[in-house]
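K.L.:
Below you'll find the structure I mean.
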Amino acid sequence: MNKLIGVAVGISALVVAGAASAQGMLLDLAADKVIKKYQTATCDELKAQKKDPPTDKEKEAIEFLRNDSQARIFFINKIAAPVLNKMFDCGMIP
């Protein structure tokens, strides 16, 4: 799950500095990348990545999403269904 948030890291600095509309566009792009990753990855790849510790950039992205509730809500609402369905299909959640 940590890897999916890592995609948002690259945009976190831009999002903080950008306008609300730019923030929405960047979060939308980050969410699309996460969704694509889950759609194209095999179950074995996802399970292997789940065991990896979060990188510094991923930690920054997580912190950004914790501190910006609107960004977090947008990001999670967009990725929740496709990511959780894939995780369920792979037996990663009950």
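K.L.:
Out of the residues in region 8-46 meeting the condition of being assigned to a helix (DSSP H, G or I), modelled with pLDDT of 85 or more and of a type in the set (Ser, Thr, Tyr), tell me which one is surrounded by the most Cβ atoms within 10 Å (Cβ to Cβ).
P.N.:
Looking at residues that are assigned to a helix (DSSP H, G or I), modelled with pLDDT of 85 or more and of a type in the set (Ser, Thr, Tyr), I get Tyr38.
K.L.:
What are the residue pairs meeting all of these: first residue in region 69-80, first residue within 14 Å of Asp32 (Cα to Cα), second residue at pLDDT below 95 and not in a helix (DSSP H, G or I), Cβ atoms under 7 Å, and 6 or more apart or on different chains?
P.N.:
So the pair list comes out as Phe75/Ala8.
K.L.:
While we're on this one: Cβ-Cβ under 7 Å, sequence separation 6+ or interchain: first residue in region 47-64 and at pLDDT below 90 and assigned to a helix (DSSP H, G or I), partner among the hydroxyl-bearing types (Ser, Thr, Tyr) and buried (at least 16 other Cβ atoms within 10 Å of the Cβ). Which pairs?
P.N.:
Short answer, once both residue conditions are applied: Glu60/Ser12; Ala61/Ser12; Phe64/Ser12.
The values are calculated or read from the model by the stated rules, or taken from the named source; none is laboratory data. Quantities reported herein were computed from a predicted structural model and do not represent experimental measurements. Because the Cβ atoms are built from the backbone with ideal geometry, glycine has one as well, and the counts that use them run over all protein chains shown.
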